[in-house]
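Each value in this text was obtained by applying a stated rule to the coordinates, not by laboratory testing. For clarity, every value in this text was computed on a predicted model and none was experimentally measured. Cβ placement follows ideal geometry from the backbone for every residue including glycine, while neighbour counts extend to all protein chains displayed.
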Amino acid sequence: MERRKFLSAAALLALKPTFGNLYQSNPEFYLNRNADNVELWKDLRALFPLQKGRTYLNNGTMGITPYPVLQAVEQSFLTAATEGAYPGHSDELLKLIAGLTGVTADEITITKNVSEGTNHVCWGIPLKAGDEVILSTHEHVGGCLPWIHRSKSEGIVIKTFHPGKNAEETLRNFEKAITKKTRVVAVPHIPCTIGQILPVKEICALAKSKNIITAVDGAHPLGMIQFNIREIGCDYYYGCIHKWALGPLGTGFLYISKNILEKTKCTHIAAYSSATFNMTSNPPTMGELVPTASRFTYGTFSGPLFDGAIKALQLYNDIGPDKIEKRIRGLATYLQDKLLELGNKVEVITSTEAASRGAQISFRINNGNKKATQDFQSECNKKNIVIRYVGESDLDCLRVSTHYYNMEDEVDLLVDELKKYIGG
Ligand SMILES: Cc1ncc(COP(=O)(O)O)c(C=O)c1O
């Protein structure tokens, strides 16, 4: 049943060279058009294998991989298999991520996902029983489980704060959670729940003034909004390429500031963590850990996925981060305005403050039926519309993500379904 909804692999292969070539042979087709030009986005939509009739508004869970990226991955796997070429470390991906986030390549290490970065940080910061760590109540399971597990196993104490309606309220709530025992704050830049952009720069500045270590979960920003880690001022920043940057699944990164690298315990060590070792001496010895964040990338890795990630970031740069941000924030505003027009049966939860609104809008249905929000998601599933149910922190809401491959008529379709639902 499920299979019929998608193009067969053979059909995909038949299409792929056409669209891949369209991009490769004709990159000018988007360069001279600005973010307001809908035709530009329609043309770019052709780079995505998404099936016609499938309204995918869930990029916050997983980005759709465009053909040029799929091709890069396939080509790289083929090269490895035909030449027996073992993937070596290349600085290209590190440089691309560093360039996009305002830091240097030696402060970036590649991970397979956000959770891996969170774990390196959570277990790498020296803490003792009773030390307090502040998290938000809107954490993703991957953002909080490592800390909760450490609190169970090592007795650190977790304190939480609620994101507010706007940046100012969020900052005030965070401030109230600080005590003399606070050692770390680990917060999402954009939570998975309601997509609100949190004031991480202000949170980090306040934390720094009290000698608190700062870690930012950046699962969502890369590819959605432009940001500068140095300006945010955090010690650690962990994100991924497989959401808004539209890279292959299983690609992430971790930033570790130079100032904190040596103080961070490296819990996983293997090939590439250190340049030398000697098993014939007694006792066996190893050299120093390499002096860069890449000491955290160890052992054989999926080079082809990294090659796909490079392609995804090149495509992002080619189209233009500014243009993409305008487009996807514009679509989110378009959706939010339409939801706000629907009256009190639809409660828009994501902040309407422009600085706090990214490319995800969350809402819940208040029509007297306690199950309405979940029911509506089931209705959407039946109509081939994909949105995410948010059960975290009992929020009971729906999150809609809009990327540049989404079109206004897809947003209209969702809103029309919602009108039908609340009207009935
Ligand atoms: C805010 C946030 N943090 C962490 C994660 C975990 O990401 P990953 O699955 O790449 O480990 C997610 C995933 O959706 C997320 O939204």
As a test of understanding, state the convex hull volume per residue of the range 143-214 from its alpha carbons, in Å³. 84 Å³
Averaging 1/r across every pair of distinct alpha carbons in the chain and inverting yields a Kirkwood hydrodynamic radius, in angstrom, of 22.8 Å
Taking K95 as the anchor, which lysines have their alpha carbon closer than 26 Å to its alpha carbon, excluding any fewer than eight residues away along the same chain? K112, K201, K243, K258, K263, K265, K311, K323, K326
For labels at K382 and S153 in the simple 7 Å Cα→Cβ model, what's the distance in nm? 4.6 nm
Near K208, which aspartates and glutamates are there with a Cα under 14 Å away, not counting those fewer than 8 places off in the same chain? E175, E231, D235
Using 0.36 nm times the number of residues separating K210 and E92, minus their current alpha carbon distance, what extension gain do you get? 38.8 nm
Relative contact order of the range 123-249, please, whole-number percent, based on alpha carbon pairs below 8 angstrom and at least 6 residues apart. 21 percent
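In which sequence would L70, L414 go, from the one with the fewest C-beta neighbours within 10 Å to the one with the most?
Details: L70 20, L414 23.
With the fewest neighbours first, L70, L414 line up as L70, L414.
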Provide the FRET efficiency to the nearest 0.05 for the D409-E169 pair, computing r from the beta carbons and using R0 = 30 Å. 0.25
Which aspartates and glutamates, on any chain, are close to K180 with Cα under 15 Å apart, when same-chain ones fewer than 8 places away are left out? D131, E132
Quick numbers on the range 62-157, Rg and Dmax over C-alpha atoms in Å, give 18.5, 55
So how far apart, in nm, are the two label points at L289 and N366 if each is 7 Å from Cα heading toward Cβ? 5.0 nm
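Hey, fewest Cβ within 10 Å first, where do K258, K370 land in order?
Details: K258 13, K370 10.
In increasing order of surrounding Cβ atoms, one gets K370, K258.
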Contour minus Cα-Cα span, R230 to L340, at 0.36 nm per residue, comes to 36.0 nm
Pop a pseudo-label 7 angstrom from the Cα along the beta-carbon direction at both R45 and A177 and give the gap in nm to one decimal. 4.0 nm
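Under the √(5λ) rule applied to the eigenvalues of the Cα gyration tensor, what semi-axes describe the equivalent ellipsoid of the range 91-315? Give them in Å, descending.
Equivalent-ellipsoid dimensions as semi-axes: 28, 23, 14 Å.
Multiply the residue gap between T300 and T104 by 0.36 nm, knock off their C-alpha separation, and tell me the result in nm, one decimal place. Could you put the intermediate results ahead of the total?
Details: separation 196, 0.36 × 196 = 70.56 nm, distance 2.38 nm.
Result for the pair: 68.2 nm of gain on full extension.
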Computed over the range 360-424, Cα set: Rg, Dmax in Å: 11.6, 35
